[in-house]
Amino acid sequence: MAKKKAAKKKAPAKKARSAPARRSKGVKKVFGGPLIVGGNVIPICKCVRAGDFVFCSGQVPFKDGAPMTTGSIEEQTETTMLQIKEILTIAGCALSDIIKATVWLRDKSDFAGFNKTYAKFITGDPPARSTVQSNLMVDARIEIEVVAYKPL
């Protein structure tokens, strides 16, 4: 007698699975802007929240609606940090939420005074930071840009 070959059973077709849906944490939200200085409209906002991150535009010290061109590095740093604190508050963040700061100083001899004043505002774990000397676009001594992280 001839042996019968066992018929291979086909496995049931697997149902195609799609990738799980990702929950969006929201859309981009812009705070403030455009900036008007001396009657000129500058296409820049104060900050943008994208999900859990808040990206602040570079801030120079402002006094009476115009860039602060006088005062010591300590005064200009304090003014700039107070502006950043206000901007972050509007976006639902605090200075303690900053994860990265980029600082431009007009004069490298201002570094010690800047650092001393900056330290008064940054308590606890400090953010990553870069500080460089650069000619600035306005006649101020400092510009600071920050990125904050605050889950929605």
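The values are calculated or read from the model by the stated rules, or taken from the named source; none is laboratory data. These figures come from a predicted structure and were not determined experimentally. So basically every Cβ, Gly included, is an ideal-geometry build from the backbone, and we count neighbours across all protein chains shown.
One table, with the values for the structure above:
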item	result
Out of I44, I98, sole residue that is within 22 Å of V27 (Cα to Cα), at pLDDT below 95 and touching a strand residue (DSSP E or B) at 6+ places or on another chain (Cβ under 8 Å)	I44
Pair list, Cβ under 6 Å, 6 or more apart: the stretch 99-127 residue more than 18 Å from E75 (Cβ to Cβ), other residue of a type in the set (S, T, Y) and in a helix (DSSP H, G or I)	G124/S96
Criterion: surrounded by 13 or more Cβ atoms within 10 Å (Cβ to Cβ) and within 18 Å of K28 (Cβ to Cβ) - qualifying residue of V60, V103, V147, V138	V147
Only listed residue being among the charged types (D, E, K, R) and either in contact with a Cys (Cβ under 9 Å, 6 or more places away or on another chain) or more than 27 Å from P151 (Cα to Cα) (or both), chosen from K120, K116, K85	K116
Residue within the stretch 39-47 that is touching a residue at least 24 places away in the same chain (Cβ under 8 Å) and under 12 Å from the mean Cα position of the chain (by Cα) present	yes
Unique residue being in a loop (DSSP other than H, G, I, E, B), modelled with pLDDT under 90, of a type in the set (G, A, S) and surrounded by 14 or more Cβ atoms within 10 Å (Cβ to Cβ) when the list is G71, G33, G26, G92	G33
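Here's the yes/no breakdown for (1) touching a strand residue (DSSP E or B) at 6+ places or on another chain (Cβ under 8 Å); (2) β-branched (V, I, T); (3) modelled with pLDDT of 85 or more:
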position: A11; (1), (2), (3): no, no, no
position: D52; (1), (2), (3): yes, no, yes
position: Q59; (1), (2), (3): yes, no, yes
position: F62; (1), (2), (3): no, no, yes
